[in-house]
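Notes follow the structure.
The values are calculated or read from the model by the stated rules, or taken from the named source; none is laboratory data. Bear in mind that the values here come from a model prediction, so they are computed numbers and not experimental data. Quick reminder, even Gly has a Cβ in these numbers, built from the backbone with ideal geometry, and neighbours come from all protein chains shown. We work out accessible area using only protein heavy atoms, side chains counted, and drop any ligands, DNA or RNA first. Shrake-Rupley method; radii C 1.70, N 1.55, O 1.52, S 1.80 Å.
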Amino acid sequence: MYGNKTPGNESRKTTSKKKQLQNLDRVASTNSRPNSRAGSRVGSRANSDNEESDNEHDNDDFDEDDDNNRHHAELTWEAQLKDTIEELHEKRSSTREAALKKLVELTSQYFTADVLDSQRDDLMDLLKKSIKKGGPRECVLAAEAISLVFITIGEDDEKMFTDLAPLLKYTITNHESTEVKAACIYALGTACFISSTPQPSHLPTYELLHFFADIALSSGASANASHNGETLAAALEAFNVLYAGVFPRLGPKPITMQARRIFNHMVPAAKTLLEHPTVEVRVAAGETIALMLEILDNYQRQRDDGDISDEEESETYNDDDPEDLEEVTGDFRYDGLEGLVAALGSLSTDSSRHRSKKERSAGRSAFRDILKSVEEQERPTESLKLREYDVDFDGWVEILQLHYLRDRLTSGLQTHFVHNTMIHTILPSTAILYSPTQASQGTFTSGSRLAAAVISQAGSKAGSRAGSRPSSSLGIYADAEDAKAEQLDKVDRKYLNAEMAKMRQVQRKKERNQNKYDD
């Protein structure tokens, strides 16, 4: 109705004319000599071209700055960690809680050994202070942080464990919060498992096994948490990881007596807890039984095969042996196996209506593996896809240690499995994941040097655990040395190619920007 007099049409006409003028300006600017002065419109267009060039240059600068900012952000976790530790000195509890939450996140997501080691004493004092005086949430976060600190830098640092253990035991026994009790049980189990030499003759470890066993035997009463599922599950899982670390393989030594004595002490409690209303407790109790039977059945197979004889075994004992000598020496046979199999079979097909469908499904799945292990002596297996490798874990000893570390590390599992050589001594199958980078410094080691460094580090760290860990862990990087070295070289080359590609990209941007400045 209004024809071409509408504002929209006038705007479109103006825009079209501007584009025509700009095209003419571009031609004029291109044909003009660099030092000549053009008409006003041509000069204006030339300025516009220069501005466009500057904008393009600015965009490149922005891209490079953006890359640098991202790179800087990835590196500043070290500064963040130092600031976080400093914030633990604050008086306000909410500030300390936020700092502890950040500490747990950083120590899980990154391999923070260098920073933590430099502030070890101060950090442990601050974490103990949070356990002593903090509220329930602060205590839980501090306990989680303690577990991660030990996993990162606690290997063979028994002093750090012995300084901490009395406080954690006291908190487990006397704190009102069951969540705090459970978190401290996990922290205490982790600290002992990582820092102490795993020998049955090692008194703190032996005492701690009995401490956790007593919580199970009393259904939580010894920790002032009667029948509490959270506390009982934590005690059973901590017991399992210590038992697996101390008794992975038995032989003609007093170690066998102690393993069997603990079995006789613990198995009645575990059988009782198979009827606990909490699925986590039932599963943990079943795993406790399966773990101990796996180790003792393996011992009996050695006797049956003639690897261990009564003559050899009797040499390790004398007239001062205790009254239960007959029960903890000679052939191993568990008299209650038939009733145990029946109980496990019932749990593997659980259809109780008073339990949720999800709970029944989780319980049935777990108890099917436990039943096969107990009834048929079939070792369970588990496989994880980590980086480009399928890493296999065989038997309850490895699987329960894997689960315990996984629950502490959560989403940081792969980071620690790649960079933390202590984990490789515990779980030898993860040694192939070792990265050529130093996570805290970003340094690079060539393939041949990497293999030597890995073997040297792992070999020295495995030495203190040689007495009781499986023989496969003694040369974790030497087993199938050629094949593993070849795989490590593949990881080495892959990392090198990726780093070189990044460097080339940055260099190209710098050269492009430099050329624009020169023009």
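Just a few scattered comments:
- Segment 335-398 versus segment 125-168: alpha-carbon centroid distance in Å: 32
- Sequence of Tyr299, Tyr110, Tyr206, Tyr170 from largest to smallest accessible area, 1.4 Å probe: Tyr170, Tyr110, Tyr206, Tyr299
- Near the amide H of Ile308, within less than 5 Å, lie the amide hydrogens of Arg303, all on another chain or at least 5 residues away, with H placed in the peptide plane.
- Average projected area [Cα convex hull, segment 344-407], square nanometres: 5.4
- Listed residue pairs exceeding 31 Å between alpha carbons, taken from Lys101/Lys372; Lys133/Lys385; Lys129/Lys271; Lys271/Lys358; Lys101/Lys159: Lys101/Lys372; Lys133/Lys385; Lys129/Lys271
- Based on C-alpha pairs under 8 angstrom that are at least 6 apart in sequence, segment 180-248 has a relative contact order of 42 percent.
- Here the Karplus relation 6.51 cos²θ - 1.76 cosθ + 1.60, evaluated at θ = phi - 60°, turns the backbone of segment 418-426 into coupling constants of 7, 9, 8, 5, 4, 5, 5, 6, 7 Hz, with x for every Gly and Pro.
- Once backbone amide H atoms are built at 1.01 Å from N, Leu386 has Val391 as its partners under 5 Å, excluding neighbours fewer than 5 places away on the same chain.
- Solvent exposure ordering (accessible area, 1.4 Å, most first) of Asp214, Asp297: Asp214, Asp297
- Summed side-chain charge close to Asp304 - residues other than Asp304 whose Cβ falls under 12 Å, Lys, Arg +1, Asp, Glu -1: -1
- Solvent exposure of His419, expressed as accessible area, is near 40 Å², computed with a probe of 1.4 Å over the protein chains only.
- Rounded if a/c under 1.5, otherwise prolate or oblate - segment 106-168, Cα gyration tensor axes: oblate
- Sequence-ordered 3J(HN,Hα) estimates for segment 144-154 from the Karplus curve with 6.51, -1.76 and 1.60 and θ = phi - 60° stand at 5, 5, 4, 4, 5, 5, 5, 4, 7, 9, x Hz, glycine and proline given as x.
- Inter-probe distance in nm under a simple model that places probes 7 Å from Cα toward Cβ, at Asp394 and Lys358: 3.6
- For Ala234, the shell of other residues with beta-carbons less than 13 Å away shows a net charge of -4, using +1 for Lys and Arg and -1 for Asp and Glu.
- Projected label distance in nm at Ala79 and Asp163, using a 7 Å step from Cα toward the beta-carbon: 2.9
- Shape category assigned to segment 157-288 from the gyration tensor of Cα positions, a/c cut at 1.5: oblate
- Accessible surface for Lys271 stands near 70 Å², nearest 10, in the context of the full protein assembly shown (1.4 Å probe).
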